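The values are calculated or read from the model by the stated rules, or taken from the named source; none is laboratory data. What you see is a predicted model, and the numbers here were worked out from it, not measured in a lab. Don't worry about glycine lacking a Cβ; one is built from the backbone with ideal geometry, like all the others, and counts go over all protein chains shown.
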């Protein structure tokens, strides 16, 4: 689906009066999905991430009403068999708990967390007082590790805010959408998805330091390189137990290290998204160097622990968004180590990318690919691997540099989803072989991501 198709649809809905009023302006926004090239699971520990956008996107059209009704129509959700049409009164968005109850009435309306959460944010933060109509469509695959949730959050937030006369962009827009996902959708994501979807640009890769959100200058990869993504067809969910357990384990390791050093950890409530911090590492495991971690801290960490044993010794869990659960073994050492090591890997990858963009070399490309493979197998240690994605990565490794494939890794939160692949632009035949062999294995229905597109800020707002 392209913007021309979506615009034609909403113009028809307006001209015929079948959904929108013919008399009032429509505000259209577009937000792509993202492909996590490196860094996927270290955004919440303050690491550097390396993100690109994909061509697939979510579109949202917003129009104000003269009453207090909120009317949603999501064709993509309806086509998937869920409840794609929802009507409520703006007054029902009275507080956080009321909104959570609305979006959790049934699994068929769960998607509205990313829409009604936005409207509650605007109501609570900016005092919006009139109703709104929203029409949405998307071709970003759901639960495949390419940020379908961030795409709908950003598209809806940007179009709705503009309809209300509120300008939201850049880091401010990304943080607002992260708040919605953390608090209303109750998904413990970091910031990388939202900022990539907001500020990404076609043909560029975005390095971002997640402390909490510091974008670095965009990087153009050398002309000889291309990035692909293959969706394994195996669903990934940020609210899934594997991701939550991995994230919680990293924060458990952080608290163990702080206690060993007698460093106070305190709750910082100065921003919309609360977090715990300290006066040495500012609350981020990524600020511990790799050498210091190996020398001083790795030996302090248990391989695994459970909720009861951890709380008995360390009293509090220092992540507001991943409550510890009974019956879960937390891989503390592996996930804490991953936070430190992945930040180091992504820094190397970023610098290799910058250098290679000026002076391309096969050695640099090979090293970048090796860092991707290292990152992938570290996911398995963290409990975030999956048979399907492992099979895809091994197919890439078997094709090898001789066939133009430099590296591959699972993306985002892991435990399924999409594999990102770095290769030579001449590797199209190898990509098709990988795709074909994976299809034959019948581990899941694959989908190939090719190319990139502009983020929501570059697209801007189209007024109809």
task: Select from region 374-417 the residues that are at pLDDT below 95 and assigned to a loop (DSSP other than H, G, I, E, B) and list them in ascending order.
output: 382, 383, 384, 385, 386, 411, 412, 413, 414, 415, 416, 417
- request: Go through (1) in contact with a helix residue (DSSP H, G or I) (Cβ under 8 Å, 6 or more places away or on another chain); (2) modelled with pLDDT of 95 or more; (3) buried (at least 16 other Cβ atoms within 10 Å of the Cβ) one by one and return the number of the condition residue 18 breaks.
  value: (3)
query: Are any of the residues in region 318-336 assigned to a helix (DSSP H, G or I) and surrounded by fewer than 20 Cβ atoms within 10 Å (Cβ to Cβ)?
result: no
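Would you pick out the residues in region 419-464 that are part of a strand (DSSP E or B), closer than 30 Å to residue 9 by Cβ and touching a helix residue (DSSP H, G or I) at 6+ places or on another chain (Cβ under 8 Å)?
The answer is 448, 462.
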query: Looking at region 2-46, which of its residues are in contact (Cβ under 8 Å) with a residue 24 or more places away in the chain and at positive phi?
result: 39, 46
Tabulated pairs, region 298-310, first over 24 Å from residue 341 (Cβ atoms), second part of a strand (DSSP E or B) and modelled with pLDDT of 95 or more, C-beta under 9 angstrom, 6+ apart or interchain: 306/330; 307/330
field: Flag if residue 39 is surrounded by 24 or more Cβ atoms within 10 Å (Cβ to Cβ) and at pLDDT below 95
entry: yes
task: Considering every residue within region 297-311, establish whether at least one is surrounded by 20 or more Cβ atoms within 10 Å (Cβ to Cβ), touching a helix residue (DSSP H, G or I) at 6+ places or on another chain (Cβ under 6 Å) and in a helix (DSSP H, G or I).
output: yes
Tabulated pairs, region 83-106, first at pLDDT 95 or above, second surrounded by 13 or more Cβ atoms within 10 Å (Cβ to Cβ) and part of a loop (DSSP other than H, G, I, E, B), C-beta under 6 angstrom, 6+ apart or interchain: 89/68; 90/68; 90/131; 99/93
task: Only strands (runs of 3 or more DSSP E) wholly contained in region 178-289 count here; list those with 1 or more residues that are surrounded by fewer than 19 Cβ atoms within 10 Å (Cβ to Cβ).
output: 225-231, 266-268, 275-277
